[in-house]
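Peer 1: Dropping a structure here in structure tokens format, bear with me for questions.
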Amino acid sequence: MGHLLVVESWVGAMSGLLPRAIHEAGHEFTFLTRDLHHYLRATPGAAPHPLLSARNIVTTETNDAVELPAAVERLHEVFAFDGVLSACDYYLPATARIAARLGLPAPAPDAVEAACRKDLTRLRLAEAGVPGPRFALCADRARARGAAREIGYPVVVKPVDLCAGMLVRVVHDEVELARAQRAITDLTVNARGQRRAPVVLIEEYLTGPEVSVETVTQAGHTHVVGVTDKSLGAEPTFVETGHMFPAALDPDRTRAAADTAVRAVEALGLDHVVAHTEIRLTPDGPRTIEVNPRPAGNRITELVRHVTGVDLVVACVDVALGRRPDLTVRETGVRSAAIGLLLPDERDLSADGTGTLAGIDGADAVRGEPGVVELTLAEPGRAVRAATSNNEYLGHVLTASRGAGARESAERMLGRLRPRYGAVSAVTG
């Protein structure tokens with residue numbers, strides 16, 4: 001049995017999937033956080049939060065580059081951790097540094113830092129010849145205007161250090177560019193209170209379907225578990241609306257996407273890592289969007305597990321412990337699995353793009369449909385705003401199929417769910 005140190009987590013799917021994977025594999029974990037209430041607030045009135053299944057919960061300032069390693073060393077003297085990991089992108093570099101300091105299995109800290117910073121990713125991939133969009137890193141508005149003109153509108157504007165598609169958008173002229181750049185530079189800290197880099201990344205706008213490649217790298221070898229389809233909402237943002245595994249691609253495009261992802265992982269120097277690499281399949285071939293040095297979110301890991309029997313979250317735990325994960329594909333009876341992500345319709349919200357969820361009609365009927373594996377919906381009373389990132393979901397429906405039609409089924413079920421908005425008193429009274 002291993003004892004893992006988990007440094008922070010997301011409040012979404014991974015906050016439940018990771019503790020489950022640790023316990024089902026026969027291990028235990030200590031949870032380290034700067035604010036336990038951050039997680040408890042995310043599930044008001046629900047059953048005990050899965051992170052409370054930790055053997056120990058320790059509070060320390062996880063944003064302090066000096067205090068965090070010192071606190072972990074003190075804990076390590078008592079608990080003798082066998083591995084360290086995080087389920088939150090904002091703490092992946094710190095986790096890698098901690099593991100290196102304790103002599104525990106982990107990817108190289110500089111490789112994780114490069115993967116978590118979009119500008120560093122671009123530079124390293126370009127140096128290695130891994131195809132991606134043309135780009136420019138801009139610290140001021142004059143440089144941004146010049147870069148956008150040189151690359152050619154439309155361009156994509158991104159922060160270099162945020163997650164979940166936050167503040168990523170396509171812009172068509174200098175007015176839109178200035179607005180997008182201002183939104184990025186005005187946000188001085190991220191959701192975890194960490195100071196942000198006040199620079200923007202201007203990228204060539206790429207066309208074509210987007211996929212993700214799920215991989216496990218250990219001892220210098222990258223194993224491709226599979227390729228996942230991605231559905232995106234309307235521009236100017238790039239909000240994810242659904243995924244299907246495996247991707248509905250011909251073998252040549254599947255192979256090209258996988259090969260590009262492997263090259264990207266290797267170019268960043270990542271090892272001992274489960275990765276989720278996003279690829280655009282452009283008319284000129286695959287182009288790397290980003291490399292995430294952790295398992296996929298939005299329950300993509302569950303799609304993979306339903307189809308192949310491979311649990312990428314368990315694989316992440318194994319890799320953190322220095323063990324070889326079981327990546328054997330098994331017959332599950334499922335040929336395709338898909339998730340549809342429920343977003344608020346801006347037309348149903350108030351003029352300022354906000355509202356309060358009163359309920360979601362159609363849930364009971366959808367829950368009883370064949371092929372529906374999961375249906376998770378937000379509770380009435382939740383504050384809602386128009387979706388500009390992957391943080392505004394109202395729930396999801398996950399379907400599994402013995403054929404290739406899981407996406408069609410998920411989208412059909414999603415279309416039967418009707419959020420209603422109103423005052424909180426109307427819901428609770």
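Peer 1: What is the distance in Å between the Cα centroid of the stretch 7-25 and that of the stretch 363-408?
Peer 2: Using only Cα atoms, the two centres lie 20 Å from each other.
Peer 1: Another question, if that's okay. Nearest 500 deg cm²/dmol is fine: what mean residue ellipticity at 222 nm does the chain get from its DSSP H runs of n ≥ 4 alone, each adding -39,500 (n - 2.57), divided by its residue count?
Peer 2: It comes out at -9500 deg cm²/dmol, rounded to the nearest 500.
Peer 1: Could I ask something else about it? Along the charge dipole of the chain, Cβ charges K/R +1 and D/E -1, which of Ile279, Gly322, Leu187 sits furthest on the positive end?
Peer 2: Leu187
Peer 1: I've got another one for you. Between Asp364 and Val329, what FRET efficiency follows from the Cβ-Cβ distance if R0 is 30 Å, with the result rounded to 0.05?
Peer 2: Using R0 = 30 Å, I get an efficiency of 0.30.
Peer 1: Please work out the average accessible area per residue across the chain, using the 1.4 Å probe convention, and give it in Å².
Peer 2: Normalised by residue count, the accessible surface of the chain is 43 Å².
Peer 1: Gain in length, Val175 to Leu249, computed as 0.36 nm per residue apart minus the alpha-carbon separation, to one decimal in nm?
Peer 2: 22.9 nm
Peer 1: How large a share of the accessible area of the chain, in percent, is made up of carbon and sulfur atoms when the probe is 1.4 Å and the other protein chains stay in place?
Peer 2: The value for the chain is 51 percent carbon and sulfur by accessible area.
Peer 1: Now, a different point. Say the dipole of the stretch 127-226 comes from +1 at the beta carbon of Lys and Arg and -1 at that of Asp and Glu; which of Gly208, Ala148, Ala178 then lies farthest toward its positive end?
Peer 2: Sorting the options by dipole projection puts first Ala178.
Peer 1: Here's a follow-up. Using r as the Cβ-Cβ distance of Glu24 and Arg416, and R0 as 22 Å, what FRET efficiency do you calculate, to the nearest 0.05?
Peer 2: Efficiency at R0 = 22 Å is approximately 0.10.
Peer 1: Next up: Evaluate the distance, in nm, between pseudo-label points positioned 7 Å from the Cα of Ala219 and of Glu73 along their respective Cα→Cβ axes.
Peer 2: Distance between the two pseudo-spin positions: 3.2 nm.
Peer 1: Continuing with the same structure: If you take every DSSP beta bridge whose two residues both sit in the chain, what share of them, in percent to the nearest 5, is antiparallel?
Peer 2: 85
Peer 1: To the nearest 20 debye, what charge dipole does the stretch 33-96 have about its Cα centre, counting +1 at the Cβ of each Lys and Arg and -1 at the Cβ of each Asp and Glu?
Peer 2: 280
Peer 1: Let me ask something else about it. Note the listed values (i) -0.44, -0.72, -1.28; (ii) -0.43, -0.67, -1.14; (iii) -0.65, -0.87, -1.11, then indicate which one is log10 I(q)/I(0) by the Debye sum over Cα atoms at q = 0.08, 0.10, 0.13 Å⁻¹ calculated from this particular structure.
Peer 2: Matching the structure shown: (i).
Peer 1: Here is a follow-up. Taking 7 Å along the Cα-to-C-beta vector as the label spot, tell me the His38-Arg101 distance in nanometres, rounded to one decimal.
Peer 2: For His38 paired with Arg101, the spin-label model returns 1.8 nm.
Peer 1: Could you work out how far apart the two model spin labels at Val189 and Asp140 are, taking each label as a point 7 Å from the Cα in the direction of the beta carbon, and quote it in nm?
Peer 2: That separation, rounded to one decimal, is 2.8 nm.
Peer 1: Using a simple charge model, +1 on the beta-carbon of Lys and Arg, -1 on the beta-carbon of Asp and Glu, nothing else, what dipole does the chain show about its Cα centre, in debye to the nearest 20?
Peer 2: 220
Peer 1: In addition: Gain in length, Ala65 to Ala383, computed as 0.36 nm per residue apart minus the alpha-carbon separation, to one decimal in nm?
Peer 2: Going from the current span to full extension adds 111.1 nm.
The values are calculated or read from the model by the stated rules, or taken from the named source; none is laboratory data. Fair warning: this is a prediction, and the values are worked out from it, not measured in the lab. Cβ atoms come from the backbone with ideal geometry, glycine included; neighbour counts cover every protein chain shown. Heavy atoms of the whole protein, side chains included, go into the accessibility calculation; ligands, DNA and RNA do not. Shrake-Rupley method; radii C 1.70, N 1.55, O 1.52, S 1.80 Å.
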